[in-house]
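Peer 1: Attaching a single structure in structure tokens format; questions to follow.
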Amino acid sequence: MAERGLVVSAPGKVILHGEHAVVHGKAALAVALGLRTFLCLRPGGEGRLRVRLPGVGALRSWERPGLSALRERLGADFDESKPPSAELLEALKEFAGIPAEASAPDSLAILAFLYMCLAISAKYGDVPSVDIVVWSELPTGAGLGSSAAYAVCLAAALLHACGAISCPLKDGEITARWTEEEMTLINTWAFQGERVIHGNPSGVDNAVGTWGGALRFQSGEIKALKRVPTLRILLTNTKVPRSTKVLVAGVKEKILKFPAIMNPVLDSIDAISQECQSVLEAMPANPSPEHYPVLEELFDINQHHLNVIGVGHPSLDRLCRVTASHGLHSKLTGAGGGGCGITLLRPGQCPSARLARHGGERGRPFLPPGTAWLTSCPFLPPSRQTPPRRPWKQPSEICARADLSAGRPTSGPPG
Ligand SMILES: Nc1ncnc2c1ncn2[C@@H]1O[C@H](COP(=O)(O)OP(=O)(O)O)[C@@H](O)[C@H]1O
Ligand SMILES: C[C@@](O)(CCOP(=O)(O)O)CC(=O)O
Ligand SMILES: [Mg+2]
């Protein structure tokens, strides 16, 4: 491991179409966000492994021999091609003092960390003696893929600390990418981390967190969308908390209960993703405004479908209603049940100031109490995204940065 340490970062994502359906083998269209999760890895002292997660209020430290002994005891169960078994996760919870049914953000984050650390070190080397801090610009549990960005950062850092992937930084370089082969390995392990947090993820979020840009994802197949137009999308966080794991499990239950009713809905969502992709690919050659009504209608139809499969929420209904009263079209993004919604903006339309300051239905404020105006997100291919604000903060794909400072990185974690 590099003596001077490393900062890794990975972006969050927005799903344009295909959330939930993608878990059941349908297509999804997703794009990396300019908001990222960061991880700082430093050589640790005294044979300890320390992890600090200020975003979820967790700080843990373990002696390496204790972790090695646990790993030896459970070693046969670590296999990156299979979901982590319930028995393995129970054993890790017991070791970490996490109650059996705990689903709090800190519990899931520590469980994912322990699983990834032990599994990666079982395969590639020794349990590393390192200090790890993770912090994020992404809201947690809001549909923007914070769990995947966290898992991608952990996978990259732990694979690096165990010697499974190189340090991509050459002398004098400040930022770098791993090779394609190394990124594939990072993505594979990040998916395992997502499995711990989500239960049954599709893999779309960790694919965007690893590769960045705009992509189509279906059954593990990742296709970069190269010729997509600049779409302006407004992101609104309802700030209603929810858990992806619970929502994904709820959809599965509904499909099992009403297969003949739910499967056609998933097929229709799949067709929406295909149609949207065709429109996006036609737009660069023919950038006429006629495409927008189609994209808007696809948002509306998909939002209805997402309500049908049980992942809507009154806060999201309100977002759709209020934006509709301004001629705009919205849908939820990510797992739903609260979290974030996206609103499509036409070229030249800039409603944020109007909506945020004066908007709202019949004089009521546009945003319900506790709602944040998060950001507006350009839907751009990697090559045309806006330049990074900080040297290592590229808007697409995972990237590594040398921890050049003796102290904290400049955009360091709080506290
Ligand atoms: N910065 C972070 N530090 C630690 N854990 C995180 C971080 N970001 C996300 N997580 C983990 O991911 C979980 C949220 O995942 P999820 O419910 O899928 O929501 P989303 O991925 O939409 O933000 C949190 O409860 C926490 O366990
Ligand atoms: C609902 C789903 O399609 C996306 C979940 O995204 P998020 O965790 O809400 O950011 C689940 C998945 O694809 O794994
Ligand atoms: Mg998630």
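Peer 1: Could you identify the single residue in Leu159, Leu108, Leu89, Leu169 that is assigned by TED's automatic domain parsing to the domain that holds Leu49, over 21 Å from the mean Cα position of the chain (by Cα) and within 26 Å of Ser219 (Cβ to Cβ)? Don't jump to the end; show me each part of the working.
Peer 2: Details: Leu159 fails: over 21 Å from the mean Cα position of the chain (by Cα); Leu108 fails: over 21 Å from the mean Cα position of the chain (by Cα); Leu169 fails: within 26 Å of Ser219 (Cβ to Cβ).
Going through Leu159, Leu108, Leu89, Leu169 in turn, the sole match is Leu89.
Peer 1: Output yes when any residue across segment 188-196 is in contact (Cβ under 8 Å) with a residue 12 or more places away in the chain, away from ligand 1 (no atom under 16 Å from the Cβ) and not charged (D, E, K, R), and no when none is. Lay out the reasoning, then the answer.
Peer 2: Within segment 188-196, the first condition is being in contact (Cβ under 8 Å) with a residue 12 or more places away in the chain, and the residues that meet it are 188-196.
Add one more test, that the residue is away from ligand 1 (no atom under 16 Å from the Cβ), and what stays is 188.
Going one step further and asking which of them are not charged (D, E, K, R), we end up with 188.
Yes.
Peer 1: Where in segment 219-323 are there helices (runs of 4 or more DSSP H), lying fully within it, with 2 or more residues that are under 27 Å from Glu101 (Cβ atoms)?
Peer 2: Because the criterion is at least 2 residues that are under 27 Å from Glu101 (Cβ atoms), the helices (runs of 4 or more DSSP H) in segment 219-323 that meet it are 244-257.
Peer 1: Can I ask one more? I want to confirm something. Restricting to segment 63-79 and keeping residues that are closer than 19 Å to Glu194 by Cα and buried (at least 16 other Cβ atoms within 10 Å of the Cβ), which single residue is nearest to the chain's Cα centre (by Cα)?
Peer 2: As a first pass, look at segment 63-79 and keep what is closer than 19 Å to Glu194 by Cα: 77-79.
Going one step further and asking which of them are buried (at least 16 other Cβ atoms within 10 Å of the Cβ), we end up with 77-78.
Details: Asp77: 26, Phe78: 24 Å.
Only one residue tops the list, namely Phe78.
Peer 1: Could you please tell me which pairs satisfy a Cβ distance under 8 Å, a separation of 6+ or placement on different chains, a first residue in segment 136-158 that is closer than 19 Å to Ala28 by Cβ, and a second residue that is part of a strand (DSSP E or B) and near ligand 1 (Cβ under 7 Å from one of its atoms)?
Peer 2: Leu138/Thr37; Ser146/Thr37; Ser146/Ser136; Ala149/Thr37; Ala149/Ser136; Val152/Thr37
Peer 1: Residues in segment 288-296: is at least one assigned by TED's automatic domain parsing to the domain that holds Glu253 and under 13 Å from Glu19 (Cβ atoms)? Break it down into steps so the answer makes sense when it comes.
Peer 2: At the first step, the residues of segment 288-296 found to be assigned by TED's automatic domain parsing to the domain that holds Glu253 are 288-296.
Of the ones still in play, those that are also under 13 Å from Glu19 (Cβ atoms) are none.
No, segment 288-296 has no match at all.
Results for (1) among the charged types (D, E, K, R); (2) under 18 Å from the mean Cα position of the chain (by Cα), shown as yes or no for each residue.
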{"position": "Asp205", "(1), (2)": "yes, yes"}
{"position": "Gly209", "(1), (2)": "no, yes"}
{"position": "Gly213", "(1), (2)": "no, yes"}
{"position": "Phe217", "(1), (2)": "no, yes"}
{"position": "Lys226", "(1), (2)": "yes, no"}
{"position": "Leu235", "(1), (2)": "no, yes"}
{"position": "Val240", "(1), (2)": "no, yes"}
{"position": "Val246", "(1), (2)": "no, yes"}
{"position": "Ile255", "(1), (2)": "no, no"}
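Peer 1: Can you give me the number of residues within segment 270-293 that are hydroxyl-bearing (Ser, Thr, Tyr) and free of Cβ contacts under 8 Å to residues at least 12 places away in the same chain?
Peer 2: Of segment 270-293, the ones hydroxyl-bearing (Ser, Thr, Tyr) are 273, 278, 288, 292.
Narrowing the set further to residues that are free of Cβ contacts under 8 Å to residues at least 12 places away in the same chain leaves 278, 288.
Looking only at that region, the number is 2.
Peer 1: Another one. Take the residues in segment 100-148 that are among the aromatic types (Phe, Trp, Tyr) and under 25 Å from Arg71 (Cβ atoms), then tell me which one is farthest from ligand 2 (Cβ to nearest atom). Steps first, answer last, please.
Peer 2: Kept after step one, since they are among the aromatic types (Phe, Trp, Tyr), are these residues of segment 100-148: 113, 115, 124, 135.
Among the residues that remain, those that are also under 25 Å from Arg71 (Cβ atoms) are: 113, 115, 124.
Values: Phe113: 17, Tyr115: 17, Tyr124: 26 Å.
Checked segment 100-148; the qualifying residue farthest from ligand 2 (Cβ to nearest atom) is Tyr124.
Peer 1: Give the number of residues within segment 55-87 that are closer than 24 Å to Ser146 by Cα and in a helix (DSSP H, G or I).
Peer 2: Matching residues across segment 55-87 total 3.
The values are calculated or read from the model by the stated rules, or taken from the named source; none is laboratory data. Nothing here was measured: the structure is a model prediction, and the numbers come from that model. Positions of Cβ are generated from backbone atoms using ideal geometry, with glycine treated the same way; all protein chains shown enter the neighbour counts.
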